[in-house]
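Enquirer: Questions regarding the structure given below will be posed in turn.
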């Protein structure tokens with residue numbers, strides 16, 4: 001489902017003040033999704049969700065459950081391997097060293113261009129003799145730098 005449409009629809013549920021809430025929206029505690037073949041499937045958000053109407057009184061619970069479904073439940077199978085790998089690399093206390101925007105930068109990278117001269121000036125080569133450093137510097141092209149180091153940025 002398109003996130004902007006979902007947001008708009010959920011906002012309508014919150015903003016509606018009429019006493020005919022159930023008649024106007026006609027919702028139950030289920031979400032409709034399409035499977036890989038394009039068939040529409042009803043997923044229950046609670047036990048007996050298909051028999052539980054969304055009312056003015058329980059609409060906030062419904063909205064919370066819809067959000068949890070789309071942001072967590074529906075992607076859990078795909079997200080769990082990524083999460084495990086991420087925590088293997090940055091697990092433990094290391095994660096507490098970063099603010100959320102820094103983690104996003106590490107994962108997505110930066111649109112800023114790479115300052116190759118600055119990066120070359122601080123690069124340290126290990127296990128090279130002086131004559132080999134010249135060879136390494138000559139092969140340090142922007143393309144190779146970006147390809148091999150983009151995960152760092």
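Enquirer: Hey, can you tell me all the residues within segment 9-27 that are within 9 Å of residue 56 (Cα to Cα) and outside any loop (DSSP other than H, G, I, E, B)?
Expert: Of everything in segment 9-27, those that are within 9 Å of residue 56 (Cα to Cα) and outside any loop (DSSP other than H, G, I, E, B) turn out to be 13, 14, 21, 22.
Enquirer: If you don't mind, there's one more thing I want to ask. Which residue is nearest to residue 69 (Cα to Cα), if the candidates are limited to segment 28-52 and must be outside any strand (DSSP E or B) and in contact with a helix residue (DSSP H, G or I) (Cβ under 8 Å, 6 or more places away or on another chain)?
Expert: Restricting to residues being outside any strand (DSSP E or B) and in contact with a helix residue (DSSP H, G or I) (Cβ under 8 Å, 6 or more places away or on another chain), the top hit is 45.
Enquirer: Scan segment 108-134 residue by residue and report those that are in a helix (DSSP H, G or I) and either at pLDDT below 70 or surrounded by 10 or more Cβ atoms within 10 Å (Cβ to Cβ) (or both).
Expert: Those that are in a helix (DSSP H, G or I) and either at pLDDT below 70 or surrounded by 10 or more Cβ atoms within 10 Å (Cβ to Cβ) (or both): 116, 119, 120, 130, 131, 132, 133, 134.
Enquirer: Hey, does segment 78-100 have a residue that's modelled with pLDDT under 80, surrounded by 12 or more Cβ atoms within 10 Å (Cβ to Cβ), part of a helix (DSSP H, G or I) and under 18 Å from the mean Cα position of the chain (by Cα)?
Expert: yes
The values are calculated or read from the model by the stated rules, or taken from the named source; none is laboratory data. Model, not experiment: these values are computed from the prediction. For neighbour counting, all protein chains shown are included, and Cβ atoms are generated from backbone atoms with ideal geometry for every residue, glycine included.
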